[in-house]
Amino acid sequence: MKINLKQPAMKLSELPGEMEIAASNNLSLLYTVDEVKAEIEGGEPHHEDRWFIIERREWKPNVDLMIDRYLDDVDEDMYEGFYEKAKANISDDVIQKIQLILEGALNKPNITDYWTLEEEVNIDIFPGEEAE
């Protein structure tokens, strides 16, 4: 999880309504800025949590890296020069075929979709105040 704290927190009142944010106490639940503003207007405080703008991302398997790591892991149990010989015998065509198989098997939103925490959000709206 990446958190960018180099910049000052963005104000909730200044963010676009459709922007997605998450609270640090429940990172699996995403809200739009408009949803959080509506909940605050309805009396839910949300001020005790740290909030962050999220950025949606998509993971893709990297077969070449997977093979490198696997061969590196077993190399110490094998004979001298095993890694180089094994790596030299895995063609780009084989890597592309395995890549396509893994992408097909893992191409499901509940597996590949994720988000990172980016800029912190300052909840500058309080119950009873009109959101902008």
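The values are calculated or read from the model by the stated rules, or taken from the named source; none is laboratory data. Note that the coordinates shown come from a computational prediction; the quantities given were computed from them, not determined experimentally. Reconstructed Cβ throughout: ideal geometry from the backbone, glycine too, with neighbour counts over all protein chains shown. Protein only, heavy atoms only, side chains kept; ligands, DNA and RNA dropped before computing areas. Shrake-Rupley method; radii C 1.70, N 1.55, O 1.52, S 1.80 Å.
Tally time: how many residues in segment 81-97 are more than 17 Å from Leu65 (Cβ to Cβ), open to solvent by less than 70 Å² (accessible area, probe 1.4 Å) and not in a helix (DSSP H, G or I)?
Residues that pass the stated criteria total 1.
When you go through Glu44, Glu103 one by one, which is the residue that is among the acidic types (Asp, Glu), in contact with a Pro (Cβ under 8 Å, 6 or more places away or on another chain) and over 30 Å from Pro8 (Cα atoms)? Give the derivation first.
Values: Glu44 fails: over 30 Å from Pro8 (Cα atoms).
None of the others qualify; the one that does is Glu103.
Out of segment 58-68, which residues are modelled with pLDDT of 95 or more and surrounded by fewer than 11 Cβ atoms within 10 Å (Cβ to Cβ)?
Correct list: Leu65 only.
So which of Leu27, Leu71 is surrounded by 11 or more Cβ atoms within 10 Å (Cβ to Cβ), closer than 30 Å to Asn107 by Cβ, out of contact with any Asp or Glu (no Cβ under 6 Å at 6 or more places or on another chain) and modelled with pLDDT under 95? Break it down stepwise before answering.
Details: Leu71 fails: modelled with pLDDT under 95.
Going through Leu27, Leu71 in turn, the sole match is Leu27.
Please go through segment 41-79 and pick out each residue that is within 30 Å of Gly128 (Cβ to Cβ), under 26 Å from the mean Cα position of the chain (by Cα) and not aromatic (Phe, Trp, Tyr). Steps first, please.
So in segment 41-79, the residues within 30 Å of Gly128 (Cβ to Cβ) come out as 41-54.
When the remaining residues are screened for being under 26 Å from the mean Cα position of the chain (by Cα), the result is 46-54.
Once the filter is applied, which keeps residues that are within 30 Å of Gly128 (Cβ to Cβ), under 26 Å from the mean Cα position of the chain (by Cα) and not aromatic (Phe, Trp, Tyr), segment 41-79 yields His46, His47, Glu48, Asp49, Arg50, Ile53, Ile54.
Just give me the residues in segment 98-111 being charged (D, E, K, R) and either assigned to a loop (DSSP other than H, G, I, E, B) or at pLDDT 95 or above (or both), in sequence order.
Our first condition is that a residue be charged (D, E, K, R); within segment 98-111, this holds for 103, 108.
Answer for segment 98-111, where residues must be charged (D, E, K, R) and either assigned to a loop (DSSP other than H, G, I, E, B) or at pLDDT 95 or above (or both): just Lys108.
How about segment 1-78: which strands (runs of 3 or more DSSP E) wholly inside it have at least 2 residues that are within 30 Å of Leu100 (Cα to Cα)?
51-58
Checking the conditions here, which among Leu117, Leu100 is of a type in the set (A, V, I, L, M) and open to solvent by less than 40 Å² (accessible area, probe 1.4 Å)?
Details: Leu100 fails: open to solvent by less than 40 Å² (accessible area, probe 1.4 Å).
Of Leu117, Leu100, the one residue that is of a type in the set (A, V, I, L, M) and open to solvent by less than 40 Å² (accessible area, probe 1.4 Å) is Leu117.
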